[in-house]
Amino acid sequence: MNIFYKQSRFQIINQKNKTMKKILFIAIAGLSLTQLQAQDINDALRYAQDNLSGTARFRAMGGAFGALGGDLSALNVNPAGSTVFANNQVGISLTNFNTRNDSNYFGNNTTDKDNKFSLNQAGAAFVFENRNSDWSKFAIAVNYDVTKNLSSNIFSAGTNPNNSISNYFLSYANGVPLSTANGSDYYYGDMYYNEQQAYLAYESYLINPVSNTANNTQYTSAIPTTGNYYQENSVRTAGYTGKVSFNFATQYKNKLSLGINLNSHYLDYRQNSSFYESNSYINPATDNTNYSVKRLRFNNDLYTYGRGFSFNLGAIYKPVKEVRLGLAYESPTWFKLNDELNQNISAVSGNAGGELNPDSVNPNLTVIFQPYSLQTPGKWNGSFAYIFGKKGLLSIDYTLKDYSNTKYKPAGDFSSTNYQMANVLTKTNEIRIGGEYKIKQLSLRGGYRYEQSPYKNGYTIGDLHAYSGGFGFNFGSTKLDLAYTYSKRAYNQQLFSQGLTDSAKINSLNNNVTLTLLFEL
């Protein structure tokens with residue numbers, strides 16, 4: 001391990017010698033941190049919320065398949081639906097995900113986009129009949145779905161009249177001894193999260209200690225407090241959550257179907273965020289001698305990965321030939337997750353006489369957090385479908401999900417975050433409506449989906465509205481389906497979790513096209 005010694009600040013507050021040699025402790029990459037927490041409510045909701053995904057038929061009809069079944073992605077809603085298959089089936093789907101995020105930050109509008117293709121679904125179902133038993137049919141299936149596409153680009157920019165990034169660093173640094181903030185007692189990477197943020201700010205001269213004693217715990221900002229801070233925040237994400245479902249279902253007297261899924265979940269997420277702030281204000285009365293930070297860039301690269309488990313139980317009942325009723329339960333998903341974080345910062349200071357060279361803290365260290373668990377909420381689904389002979393159908397699904405049951409574990413390490421989620425999140429109602437009309441070999445489809453905000457205030461994240469349509473063509477043993485879905489949701493994105501908590505209002509628009517190829521065997 002290469003270790004460089006950083007000299008102590010030897011001048012009084014706000015009279016820093018910017019030419020002094022600044023050398024950093026650099027720790028070995030991969031050093032494990034204990035109890036270093038950056039996980040918050042936004043991270044939990046990112047993995048607790050699902051997108052509408054799956055086959056083209058499923059997406060075109062708004063995902064309203066709880067009572068219908070007969071579709072590989074419908075098994076995610078109600079596992080009893082595999083008994084509806086008339087024949088063995090193999091399917092694969094390709095989707096174009098197009099996301100546009102319009103941002104408004106203090107009256108300034110910006111737009112950023114992301115576009116990608118993904119093999120988002122693949123599966124097979126096998127049906128077996130036994131006409132000599134009341135349990136006349138059973139089915140087994142396996143299906144893979146990308147449950148949520150996590151790729152997105154957001155760029156926000158505007159002039160903040162009151163709040164600087166220094167408030168973020170001060171919120172962590174106040175209470176941290178100077179001997180820790182300046183690296184005397186700790187290496188970068190040995191620190192807890194608060195201490196680490198204090199170290200980054202101190203080494204880049206964003207904050208100054210009130211006293212140059214080792215036990216000092218209070219700091220002031222080296223950024224002018226006059227307001228009008230120009231700020232940019234760029235967040236680029238990539239990744240997905242995926243699920244492999246192993247399904248078994250059986251049918252009793254052609255009336256009642258029962259099914260179960262055992263689900264293996266996969267999560268891979270990368271977030272690259274870059275924050276920029278500048279303030280050209282100079283006070284001639286003081287800044288001839290006292291240096292102030294004029295601009296800075298703060299970068300955070302986060303990588304989250306892990307696996308999880310859940311199960312589904314479901315039933316479909318046909319009281320008469322035309323009507324189907326469905327009831328299903330999806331358990332919480334129990335994730336085991338890992339986070340890796342890399343941070344660096346660069347700041348430029350100056351006075352009335354000009355600017356100095358940047359003060360950069362770039363230890364090239366990937367900090368590995370202790371593994372932690374996330375429990376997402378379970379949900380109930382009730383559904384109704386009416387079959388119009390061989391001409392078409394209408395289907396309605398209702399889903400109840402309580403986001404306040406979202407939890408991080410170990411509970412003792414995340415008590416404050418869990419308490420916050422239990423109090424600000426709420427139950428949501430989701431409605432899905434889908435229809436299909438057949439003209440010989442051609443099927444025309446349409447759907448609508450509405451989901452309430454998971455927040456009690458309905459402001460942090462708004463309600464979701466989605467519209468969909470598509471068609472399918474039956475070639476006999478081969479089927480080709482195409483779907484288009486459009487969804488929109490507004491939310492407020494805080495720049496940071498504390499200190500600088502001003503929000504950019506984001507309108508997120510998704511336009512997706514899915515193509516599915518099915519083979520009946």
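The values are calculated or read from the model by the stated rules, or taken from the named source; none is laboratory data. Note that the structure is predicted; figures quoted are calculated from it, not measured. As a convention, Cβ positions derive from the backbone with ideal geometry for all residues, glycine included, and neighbour counts pool all protein chains shown. For the accessible areas, the whole protein counts, side chains as well, though only heavy atoms, and no ligand, DNA or RNA atoms are used. Shrake-Rupley method; radii C 1.70, N 1.55, O 1.52, S 1.80 Å.
List the pairs whose first member sits in the range 103-124 and is within 20 Å of residue 242 (Cβ to Cβ), whose second member is open to solvent by 30 Å² or more (accessible area, probe 1.4 Å) and among the aromatic types (Phe, Trp, Tyr), and whose Cβ atoms are under 7 Å apart, counting only residues at least 6 apart or on separate chains?
Qualifying pairs under 7 Å: 121/144; 122/144; 123/144.
For residue 271, indicate whether it is outside any strand (DSSP E or B) and under 34 Å from the mean Cα position of the chain (by Cα).
Taking the combined requirement at face value, the residue does not satisfy it.
Looking at the range 451-499, which of its residues are closer than 17 Å to residue 104 by Cβ, not β-branched (Val, Ile, Thr) and not in a strand (DSSP E or B)?
459, 495 - these are the residues of the range 451-499 that are closer than 17 Å to residue 104 by Cβ, not β-branched (Val, Ile, Thr) and not in a strand (DSSP E or B).
For a quick check of your reading: which helices (runs of 4 or more DSSP H) sit entirely within the range 164-245 and have at least 2 residues that are in contact with a strand residue (DSSP E or B) (Cβ under 9 Å, 6 or more places away or on another chain) and touching a residue at least 40 places away in the same chain (Cβ under 8 Å)?
It comes to 166-173, 193-203.
May I ask you to list the residues in the range 322-360 that are of a type outside the set (S, T, N, Q), within 28 Å of residue 414 (Cβ to Cβ) and assigned to a strand (DSSP E or B)?
Selection gives 329, 330, 334, 335, 336, 337, 339, 340, 341, 345.
Only one of these conditions is not met by residue 214: (1) over 22 Å from residue 297 (Cβ atoms); (2) modelled with pLDDT of 95 or more. Which number is it?
Tallying (1) over 22 Å from residue 297 (Cβ atoms); (2) modelled with pLDDT of 95 or more, residue 214 fails exactly one: (2).
Select from the range 74-94 the residues that are in contact with a strand residue (DSSP E or B) (Cβ under 6 Å, 6 or more places away or on another chain), farther than 11 Å from residue 139 by Cβ and open to solvent by less than 10 Å² (accessible area, probe 1.4 Å) and list them in ascending order.
Those that are in contact with a strand residue (DSSP E or B) (Cβ under 6 Å, 6 or more places away or on another chain), farther than 11 Å from residue 139 by Cβ and open to solvent by less than 10 Å² (accessible area, probe 1.4 Å): 78, 91, 93.
Only residues that are open to solvent by 50 Å² or more (accessible area, probe 1.4 Å) and under 27 Å from residue 506 (Cα atoms): list them for the range 99-130, please.
Those that are open to solvent by 50 Å² or more (accessible area, probe 1.4 Å) and under 27 Å from residue 506 (Cα atoms): 100, 104, 106, 107, 108, 109, 111, 113, 115, 116, 117.
Being surrounded by fewer than 21 Cβ atoms within 10 Å (Cβ to Cβ), modelled with pLDDT of 95 or more and of a type outside the set (Lys, Arg): is that true of residue 389 here?
So residue 389 does not fit the description; no.
Just give me the residues in the range 399-458 being open to solvent by 20 Å² or more (accessible area, probe 1.4 Å) and of a type in the set (A, V, I, L, M, F, W, C), in sequence order.
Within the range 399-458, 400, 411, 422, 424, 431, 433, 439, 442, 444 meet the criteria.
How many residues are of a type in the set (Phe, Trp, Tyr) and surrounded by 17 or more Cβ atoms within 10 Å (Cβ to Cβ) when one looks only at the range 493-521?
Residues flagged as of a type in the set (Phe, Trp, Tyr) and surrounded by 17 or more Cβ atoms within 10 Å (Cβ to Cβ) within the range 493-521 amount to 1.
Output the residues belonging to the range 64-112 that are within 22 Å of the chain's Cα centre (by Cα) and of a type in the set (Asp, Glu).
Within the range 64-112, 102, 112 meet the criteria.
If you go through the range 438-461 one residue at a time, how many are modelled with pLDDT under 95 and small (Gly, Ala, Ser)?
Of the residues in the range 438-461, 1 are modelled with pLDDT under 95 and small (Gly, Ala, Ser).
Scan the range 475-492 and give yes if some residue there is among the acidic types (Asp, Glu) and either open to solvent by less than 40 Å² (accessible area, probe 1.4 Å) or modelled with pLDDT of 95 or more (or both), otherwise no.
So far as the range 475-492 goes, yes, one or more of its residues are among the acidic types (Asp, Glu) and either open to solvent by less than 40 Å² (accessible area, probe 1.4 Å) or modelled with pLDDT of 95 or more (or both).
In the range 336-368, which residue that is at pLDDT below 85 and surrounded by 19 or more Cβ atoms within 10 Å (Cβ to Cβ) is farthest from residue 272 (Cα to Cα)?
Top of the filtered list is 351.
Only one of these conditions is not met by residue 381: (1) buried (at least 21 other Cβ atoms within 10 Å of the Cβ); (2) under 20 Å from the mean Cα position of the chain (by Cα). Which number is it?
Here residue 381 meets the rest and fails (2).
Return the residue satisfying two criteria in turn: it lies in the range 131-157 and is open to solvent by 70 Å² or more (accessible area, probe 1.4 Å) and not in a strand (DSSP E or B), and of such residues it is farthest from residue 77 (Cα to Cα).
132
When residues of the range 63-106 are filtered for being of a type in the set (Asp, Glu) and touching a helix residue (DSSP H, G or I) at 6+ places or on another chain (Cβ under 7 Å), how many remain?
Residues that pass the stated criteria total 1.
So that you can scan it fast, the table gives a plain yes or no per residue for (1) free of Cβ contacts under 8 Å to residues at least 60 places away in the same chain; (2) basic (Lys, Arg); (3) touching a Pro at 6+ places or on another chain (Cβ under 6 Å); (4) under 20 Å from residue 58 (Cβ atoms):
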residue: 432; (1), (2), (3), (4): no, yes, no, yes
residue: 436; (1), (2), (3), (4): no, no, no, yes
residue: 446; (1), (2), (3), (4): no, no, no, yes
residue: 449; (1), (2), (3), (4): no, yes, no, yes
residue: 462; (1), (2), (3), (4): yes, no, no, no
residue: 472; (1), (2), (3), (4): no, no, no, yes
residue: 491; (1), (2), (3), (4): yes, no, no, no
residue: 498; (1), (2), (3), (4): no, no, no, no
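Which members of the range 293-335 meet the condition of being closer than 27 Å to residue 386 by Cα, under 22 Å from the mean Cα position of the chain (by Cα) and open to solvent by 30 Å² or more (accessible area, probe 1.4 Å)?
none
Pairs only if they're at least six apart or on different chains, beta carbon under 8 angstrom, first in the range 379-391 and farther than 22 Å from residue 430 by Cα, second β-branched (Val, Ile, Thr) and loosely packed, with under 15 Cβ neighbours inside 10 Å; list them, first residue then second.
387/323
Of the residues in the range 221-278, how many are farther than 30 Å from residue 203 by Cβ and of a type in the set (Phe, Trp, Tyr)?
Residues that pass the stated criteria total 5.
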